[in-house]
1. Restrict the check to segment B:269-279 and report whether at least one residue is β-branched (Val, Ile, Thr), surrounded by fewer than 24 Cβ atoms within 10 Å (Cβ to Cβ) and assigned to a loop (DSSP other than H, G, I, E, B).
2. Among the residues of segment B:222-255, which ones are more than 8 Å from chain A (Cβ to nearest Cβ), part of a helix (DSSP H, G or I) and surrounded by 22 or more Cβ atoms within 10 Å (Cβ to Cβ)?
3. When both residues are 6+ apart or on different chains and their Cβ atoms are under 9 Å apart, which pairs have a first residue that lies in segment A:29-58 and is over 18 Å from A:ALA143 (Cα atoms) and more than 14 Å from chain B (Cβ to nearest Cβ), and a second that is part of a helix (DSSP H, G or I) and within 16 Å of the ligand (Cβ to nearest atom)?
4. Only one residue in B:ASN66, B:ASN56 is at negative phi, more than 8 Å from chain A (Cβ to nearest Cβ) and out of contact with any helix residue (DSSP H, G or I) (no Cβ under 9 Å at 6 or more places or on another chain). Which one?
5. Are any residues in segment A:203-241 in a strand (DSSP E or B), within 8 Å of another protein chain (Cβ to nearest Cβ) and over 30 Å from A:VAL19 (Cα atoms), and if so, which ones?
6. Quick one: is B:GLN247 near the ligand (Cβ under 6 Å from one of its atoms), in contact (Cβ under 8 Å) with a residue 60 or more places away in the chain and farther than 14 Å from B:ARG205 by Cβ?
7. Taking only segment A:17-48 into account, find how many residues are within 13 Å of the ligand (Cβ to nearest atom) and surrounded by fewer than 21 Cβ atoms within 10 Å (Cβ to Cβ).
8. Within segment B:211-221, is even one residue facing chain A (nearest Cβ under 9 Å) and surrounded by fewer than 24 Cβ atoms within 10 Å (Cβ to Cβ)?
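The values are calculated or read from the model by the stated rules, or taken from the named source; none is laboratory data. Note that this is a predicted model, so its numbers are computed, not measured. In this analysis, Cβ positions are derived from the backbone assuming ideal geometry, glycine residues included, and neighbour counts consider all displayed protein chains.
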Amino acid sequence: MKILVGYKRVIDYNVRVQVKPDGSGVVTDGVKLSPNPFDEIALEEALRLREKGVASEVVVIGIGPADLQPHLRNGLAMGANRAIHVSTGDAVQPLTVARVLLKIVEREQPGLVMLGKQAIDDDSNQTGQMLAALWDRPQATFASKLDVIGTTAQVVREIDAGLETLEIDLPAVVTVDLRLNEPRFIKLPDIMKAKSKPIETIELASLGVESGDHLTASHFAPPLKRSKGVMVKDVAELVEALRTKGLV
Amino acid sequence: MNKILIIAEHHAGQLNPATARCVTCAQAIGGSVDVLVLAATPEPVVRAAAALQGVNRVLSATHEANLHALAATFAPQIAALAPGYTHLLAPSTTFGKDLMPRVAALLGVAQVSDLMQVDGPRTFVRPIYAGNVLVTVKVPEGHVVAATVRPASWPEAAASSTLAPIEAIESHVALPTHTRFVALEGASSERPDLQSAQRVVSGGRALGSGENFKLIYDLADRLGAAVGASRAAVDAGYVPSDMQVGQTGKIIAPQLYIAVGISGAIQHLTGIKDAGTIVAINKDAEAPIFDVADYGLVGDLFKLVPEFIQAMN
Ligand SMILES: Cc1cc2nc3c(=O)[nH]c(=O)nc-3n(C[C@H](O)[C@H](O)[C@H](O)COP(=O)(O)OP(=O)(O)OC[C@H]3O[C@@H](n4cnc5c(N)ncnc54)[C@H](O)[C@@H]3O)c2cc1C
């Protein structure tokens with residue numbers, strides 16, 4: 001079985017993202033970029049399935065400009081067999097990403113597509129579900145445990161009501177949550193090995209993906225800040241303050 | 001005129017209050033408001049939905065396949081109704097997040113996530129970058145608006161004294177069998193529900209163990225509060241995952257939020273920024289949680305929380 005892993009590059013989660021003064025976007029110049037943490041978890045899980053003999057090949061896919069290649073090398077250094085770079089200078093939204101992934105899915109015929117449940121830049125939480133719909137296959141979102149059993153998978157999902165277990169027929173789309181695993185660290189020899197692994201580049205424009213149904217983003221702004229309150233000296237003062245406000 | 005369809009979220013015969021929050025959002029958009037209840041046994045959920053102020057009609061789609069809220073089963077039923085509507089809304093709970101993108105893709109339209117403000121019938125504000133940035137987005141003309149509604153941004157619609165009409169509808173779309181429900185391990189709790197509670201007490205990594213979390217439960221019980229946690233406390237196994245508050249957990253807006261031994265990482269703060277009053281108890285006076293707390297108390301939680309419990313007796 002082949003596993004396709006979506007591997008997005010995002011602003012690192014430690015960066016305090018700033019809005020440009022004219023509200024036209026966020027500041028990206030000189031800002032540290034990293035793999036989306038959820039995608040690293042998806043990749044880690046795919047690699048573990050390969051190590052268990054469940055999967056035979058793990059392919060990472062990234063969509064973005066030419067400078068995405070070092071990022072994809074990261075995925076190869078973590079252990080993916082090869083990478084696909086869908087090249088475009090445009091920012092892509094979830095529906096377009098899902099349509100691109102579907103094209104790759106049709107060509108690669110994976111048994112599983114693994115994605116992060118969301119990317120920490122636009123926080124959309126849509127792509128996996130959209131791909132599953134377009135592909136007409138099962139989806140298991142927010143996965144915190146995954147077992148492949150023959151032609152099906154059992155997935156434990158972290159949902160608001162607790163932990164839900166689904167059984168899905170393969171092929172399918174699984175989007176992963178934070179507690180599925182802890183991604184491995186990349187070691188120096190892995191970086192050397194990754195240099196000789198193949199990255200195939202495909203022009204997005206050559207895929208024949210429909211477009212024109214994008215949301216247009218007109219304005220970016222920082223949220224209203226909560227103002228700093230007061231420090232109380234002890235529990236008695238705290239309780240007094242809360243009582244005065246009718247909160248306890 | 002806008003015609004809005006809200007997908008009801010319900011579980012074990014109870015309408016999730018997030019549905020009533022979607023109704024308030026729908027009223028900000030303006031237009032007629034229908035609520036769709038997909039269920040195996042629709043009572044008493046349909047009645048609860050029909051009793052919400054601002055709802056014009058409840059559609060009840062009864063089917064044995066609707067016993068569990070599977071996106072693969074629900075989505076084609078909703079997509080089949082979409083041509084009669086300008087807007088499709090669901091709460092951005094795990095239910096709506098799972099479902100609405102699947103509906104949108106079936107319809108070939110983009111989806112708006114976590115709608116927090118309405119600037120026009122197709123213009124909305126939503127958070128990105130863990131809530132560090134708010135973006136205004138517009139849905140192209142001629143496309144149905146498919147959106148999830150950020151519950152913490154909208155108050156619940158009140159109950160009405162009259163019931164909106166309830167219509168049974170039948171769906172003739174083929175439903176898939178490739179996705180099967182196996183089990184739900186719910187944290188059945190006597191305590192108030194974290195997402196709708198007016199008071200919440202949360203514990204962080206500082207609690208150090210599941211046993212020590214008893215302090216948090218005790219304080220919560222004194223206050224009639226729900227219990228939440230930071231990701232670190234969940235990851236360490238002190239409490240179950242459905243208690244996580246934050247960017248990747250629950251986004252909540254209680255009147256009172258008490259953070260105990262939580263540093264205040266941006267991903268946690270995202271989950272509480274709409275809380276009425278925030279109280280922080282932390283031994284580190286420099287902890288970032290104090291930058292957003294209305295009342296901050298510096299000290300050791302193992303001394304202060306028992307005092308707090310005592311004071312509530
Ligand atoms: C992609 C991503 C998503 C994330 N999503 C979430 C999320 O949804 N929710 C979330 O919470 N986190 C999330 N995180 C994690 C977040 O970045 C922090 O790591 C986490 O919130 C820290 O939890 P904490 O405050 O309990 O622990 P810590 O940061 O370790 O803080 C513990 C605090 O306890 C205080 N303390 C220690 N001992 C005592 C004592 N005896 N008395 C009083 N105070 C004491 C310390 O001073 C410290 O401030 C996410 C991270 C990433 C990368």
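1. Within segment B:269-279, one or more residues are β-branched (Val, Ile, Thr), surrounded by fewer than 24 Cβ atoms within 10 Å (Cβ to Cβ) and assigned to a loop (DSSP other than H, G, I, E, B).
2. Residues satisfying the conditions are B:ALA233, B:MET243.
3. Filtered contacts from segment A:29-58: A:PRO35/A:LEU43; A:VAL58/A:LEU43.
4. B:ASN56
5. Across segment A:203-241, the qualifying residue is only A:MET231.
6. Spelling it out, B:GLN247 is indeed near the ligand (Cβ under 6 Å from one of its atoms), in contact (Cβ under 8 Å) with a residue 60 or more places away in the chain and farther than 14 Å from B:ARG205 by Cβ.
7. Going through segment A:17-48 one residue at a time, the tally reaches 2.
8. No, segment B:211-221 contains no residue that is facing chain A (nearest Cβ under 9 Å) and surrounded by fewer than 24 Cβ atoms within 10 Å (Cβ to Cβ).
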